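For reference, the structure is listed below as structure tokens.
The values are calculated or read from the model by the stated rules, or taken from the named source; none is laboratory data. What you see is a predicted model; the values in this text were computed from it and never measured. Cβ placement follows ideal geometry from the backbone for every residue including glycine, while neighbour counts extend to all protein chains displayed. Just so you know, the surface numbers come from the protein's heavy atoms only, side chains and all, with ligands and any DNA or RNA stripped out. Shrake-Rupley method; radii C 1.70, N 1.55, O 1.52, S 1.80 Å.
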Amino acid sequence: MTNRVIAEVTERVRARSRDRRRAYLDRIGRAGQELRERGPARGRLGCANLAHGFAAAPAEDKIDLRGSAKPGVAIVTSYNDMLSAHQPYETYPPELKRAVRTAGGVAQVAGGVPAMCDGITQGRAGMQLSLYSRDVIAMATAIALSHDMFDAALLLGVCDKIVPGLLVGALRFGHLPAVFVPAGPMTSGLPNKVKARARQHFAEGAITRLEMLDAEAASYHSPGTCTFYGTANSNQLLMEVMGLHLPGATFVNPHTELRHALTAAAGRRAVEISPHGAEYTPVGEVVDEKAIVNAVVALLASGGSTNHTMHLVAMAAAAGIELTWDDMADLSKVVPLLTRMYPNGQADVNHFQAAGGMPVFIGDLLDAGLLHADVLTVAGRGLGLYRTEPALKEGALVWEERAEGSGDLDVLRPVADPFSADGGIHILDGNLGRAVSKVSAVKPEHLVIEAPAKVFDDQLDLLRAFEAGELDDQDFVAVVRYQGPRANGMPELHKLTPPLAVLLDRGRKVAIVTDGRMSGASGKVPAAIHLSPEAADGGPIALVRDGDVIRLDSAAGTLTVLADLSARTPEGAPLPDELWAGTGRELFASFRRTVGPAERGASVFGDVA
């Protein structure tokens, strides 16, 4: 039986979204019916249009593309060979083309989308483009699919903004089936505890840059997703729980036999669920209210990335569904924390996989009534299909029922014995606005912080103050403002975690309040992030002064400045356009002017439907 709160929140989302969702389903329904009745999409193109579409195709594909018997499958890829998570995609197009052909279709690489790495751009000007890149990726996905050549899509993406952007773009073509094809995590490297300690030592000046680089290179060492549980791996977990991956495909390492078998299976499945197959499964019907609620539950139960408090809102909106932070807050009260993956613990995603991974995680949540079972997925009807795990038997890919539970209770626990009774993400309210707080890695004694504010309008100013010793021997709440979507693209401020963690370890009471982001890699430092309204949009954070006492109570869900702000005028300001330049930032000035608030998904598209 579905948990009462899960059911109530789902019904609330459904009622709130009814008109927009109905209009969305009507639109994609008409498009899907036309595909089913008139055959492959490319058959409606004029001769010149179609000739352009297959001019460069190999001879065998050219014959099929000229005809109207085989469904066309678009491959939209985020491949590049600079980023470890996306490097494995180099070999995917030919693998997928062979698999699609085996299943009776014909596949083409329809386009590529940009994939930038927040790990590289942390603390750099390029990070100010990161959040905006999600909407660029959505637009690039739409451009790839706009040629009207395709009956299904295979979406190749892993990291932070890439997966949400691909899904937002694909949902504009919601009548098409879409299968996400993961690349998998790199094998485990330097233990996370050792890496975190090295970062703090480097922040204190106790080790050299070369020693720090050696530690980082031992952590990030080969093709595949970074192994900590940040936004990239949160993306992957959510895609499986939403039924957009094949069961058990998420955390299989790259370049293994099982990984190749799962990739080929994804290609075949895209044909089977196309409008001309036996199991037509449009992505706009897979992503419904139940799937969105399931995604929030999975995010909370896994202690996933705070970035998804924005991405899930934006992805839902693209399907005509209105998800709010209030929904997330209510779900968090009844969803227990079942995993401990870094930065919430010392294990990485490979340890999670070894402990039982997705089949155990999903199965236990289903048994507890915390996930909707009756959903449509790319594997078929019912989330129960995702209790199975893939394996190779005599070279053939099979899915087997997993009877046993977790193999390591330090990493993955059942609902009956969770790490915490509620989810890892809390929503805070108060006279500073609304904010997100990730508590799954914060010690209980740090959940409530009351201390004087130290105000910074740039993260580099805080770093300089730390390096100069100006933050030593004092308790404070760092207020870092003008970091929201309208101000400068809402960069992640992850570089602030090591110095603040150093002060925390020295026994100081420290926390951070910001209208910027801290990402899925934010750890043990108490934080109120994504503060909305932001400083650049008239938020009260612009009125805070040094010395104002701020109370951040993640346990009670409150964020309050203990000062009278009524007679104050804002201090500071975002950079003007003429200074917001370099590293291509000037090209995104229009995004700054049109982007919505964090609470509404920080999107330039508004509430699309």
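What residue, of LEU35, LEU50, LEU83, is assigned to a loop (DSSP other than H, G, I, E, B) and under 29 Å from GLY157 (Cα atoms)? When all the criteria are applied, what remains is LEU83.
Given the residues ASN294, ASN344, which is the only one that is in a helix (DSSP H, G or I) and not basic (Lys, Arg)? Can you show your working first?
On the way: ASN344 fails: in a helix (DSSP H, G or I).
Going through ASN294, ASN344 in turn, just one is in a helix (DSSP H, G or I) and not basic (Lys, Arg): ASN294.
When the range 1-22 is limited to residues that are open to solvent by 80 Å² or more (accessible area, probe 1.4 Å) and over 18 Å from ALA329 (Cα atoms), the one that is modelled with the lowest pLDDT turns out to be MET1. Among the residues of this structure, ASP417 counts as one that is closer than 25 Å to LEU331 by Cβ and open to solvent by 60 Å² or more (accessible area, probe 1.4 Å).
When the range 273-289 is filtered for residues that are part of a helix (DSSP H, G or I) and surrounded by 24 or more Cβ atoms within 10 Å (Cβ to Cβ), the ones remaining, listed by number, are VAL283, GLY284, GLU289. Could we say that GLN483 is within 27 Å of the chain's Cα centre (by Cα), polar (S, T, N, Q), more than 21 Å from ALA196 (Cα to Cα) and part of a loop (DSSP other than H, G, I, E, B) here? Against the criterion (within 27 Å of the chain's Cα centre (by Cα), polar (S, T, N, Q), more than 21 Å from ALA196 (Cα to Cα) and part of a loop (DSSP other than H, G, I, E, B)), GLN483 qualifies.
Inspection of the range 110-129 identifies no residue that is within 25 Å of ILE273 (Cα to Cα), aliphatic (A, V, I, L, M) and assigned to a helix (DSSP H, G or I). Residues in the range 91-109 that are in a helix (DSSP H, G or I) and closer than 22 Å to MET149 by Cβ: TYR92, PRO93, PRO94, GLU95, LEU96, LYS97, ARG98, ALA99, VAL100, ARG101, THR102. The residue of the range 120-156 that is nearest to VAL181 (Cα to Cα), among those that are of a type in the set (D, E, K, R) and more than 23 Å from the chain's Cα centre (by Cα), is ASP151. For the range 149-252, the helices (runs of 4 or more DSSP H) that sit wholly inside it and include 3 or more residues that are open to solvent by 20 Å² or more (accessible area, probe 1.4 Å) are 192-203, 209-219. Looking only at the range 329-343, residues that are within 19 Å of the chain's Cα centre (by Cα) and open to solvent by 10 Å² or more (accessible area, probe 1.4 Å) come to 4 in all.
Kindly check whether there is at least one residue in the range 110-119 that is open to solvent by less than 40 Å² (accessible area, probe 1.4 Å), modelled with pLDDT of 95 or more, over 30 Å from LYS495 (Cα atoms) and over 17 Å from the mean Cα position of the chain (by Cα). Checking the range 110-119: at least one residue is open to solvent by less than 40 Å² (accessible area, probe 1.4 Å), modelled with pLDDT of 95 or more, over 30 Å from LYS495 (Cα atoms) and over 17 Å from the mean Cα position of the chain (by Cα). When PHE605, PHE591 are screened for being crowded, with 16+ Cβ neighbours inside 10 Å, touching a residue at least 12 places away in the same chain (Cβ under 8 Å) and not in a loop (DSSP other than H, G, I, E, B), only PHE591 passes.
Candidates in the range 23-68 are the residues that are of a type in the set (Lys, Arg) and in contact with a helix residue (DSSP H, G or I) (Cβ under 9 Å, 6 or more places away or on another chain); of these, the one that is most open to solvent (accessible area, probe 1.4 Å) is ARG66. If the condition is being out of contact with any Gly (no Cβ under 7 Å at 6 or more places or on another chain), farther than 23 Å from ARG268 by Cβ and among the β-branched types (Val, Ile, Thr), then the range 137-172 contributes ILE162, VAL168.
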